[in-house]
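One structure below.
The values are calculated or read from the model by the stated rules, or taken from the named source; none is laboratory data. Everything quoted here is computed from the prediction, not taken from an experiment. Cβ atoms come from the backbone with ideal geometry, glycine included; neighbour counts cover every protein chain shown. Just the protein is used for accessible areas: all its heavy atoms, side chains included, with ligands, DNA and RNA removed. Shrake-Rupley method; radii C 1.70, N 1.55, O 1.52, S 1.80 Å.
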Amino acid sequence: MELVACNADSLLHATNELTSVPYGIFSEGMMVGFILFDNEIYKDGYYWILRFMIDERFQGKGYGKLAIGEVIKMLSARVVCKQIRVSHIPHNIAANKLYKDLGSQKLES
Ligand SMILES: CC(C)(COP(=O)(O)OP(=O)(O)OC[C@H]1O[C@@H](n2cnc3c(N)ncnc32)[C@H](O)[C@@H]1OP(=O)(O)O)[C@@H](O)C(=O)NCCC(=O)NCCS
């Protein structure tokens, strides 16, 4: 099963949803990953990170942790931000570990 939607779908989403913001993740001029978040706050004071991936050739090198850490820093600096949400499928061990390491707490859906 796919762990994340393909980036073409995510770019289409970003084109249709004007509040969503796509970023390439670059290292030394090379694109190593992609992240998409919603720039508009939800009514209870949270932001959504919608898509996040590191190209498999570059996984396990610390890029994911660094990149999502930067987005969290940027969003949490906004005074209105109370929470940042991201979801993953249950068996995505790498994402689960990364989000836990960054201090995330599980929300029941
Ligand atoms: C999840 C993902 C973004 C992590 O990015 P990454 O650059 O590979 O992760 P990092 O190298 O920054 O590693 C972060 C931590 O996760 C751990 N980790 C990375 N891959 C792992 C794996 N396959 N299994 C277990 N732990 C893993 C690392 O050991 C590291 O822990 P540490 O800081 O204690 O050493 C990346 O694996 C990915 O794109 N996966 C496919 C798409 C996906 O699942 N996206 C998330 C959807 S919500």
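Worth pointing out:
- Carbon-plus-sulfur accessible fraction, the chain (probe radius 1.4 Å, protein heavy atoms only): 55%.
- For the stretch 54-93, the set of trypsin sites (Lys or Arg not before Pro) satisfying both a DSSP loop assignment and a count of at most 15 other C-beta atoms within 10 Å is given as LYS61, ARG78, LYS82.
- The Cβ shell under 12 Å around ALA14 holds other residues with a net charge of -2, Lys and Arg each +1, Asp and Glu each -1.
- Among the listed pairs LYS43/LYS65; LYS73/LYS97; LYS61/LYS82; LYS43/LYS100, those with a Cα-Cα distance over 23 Å are LYS43/LYS65; LYS61/LYS82; LYS43/LYS100.
- Rh (Kirkwood; distinct C-alpha pairs) - the chain, Å: 14.6
- Between ASP9 and PHE58, the contour length at 0.36 nm per residue exceeds the alpha carbon distance by 15.5 nm.
- Label reach from TYR46 (point 7 Å along Cα→C-beta): in the stretch 55-76, amide nitrogens under 15 Å belong to 76.
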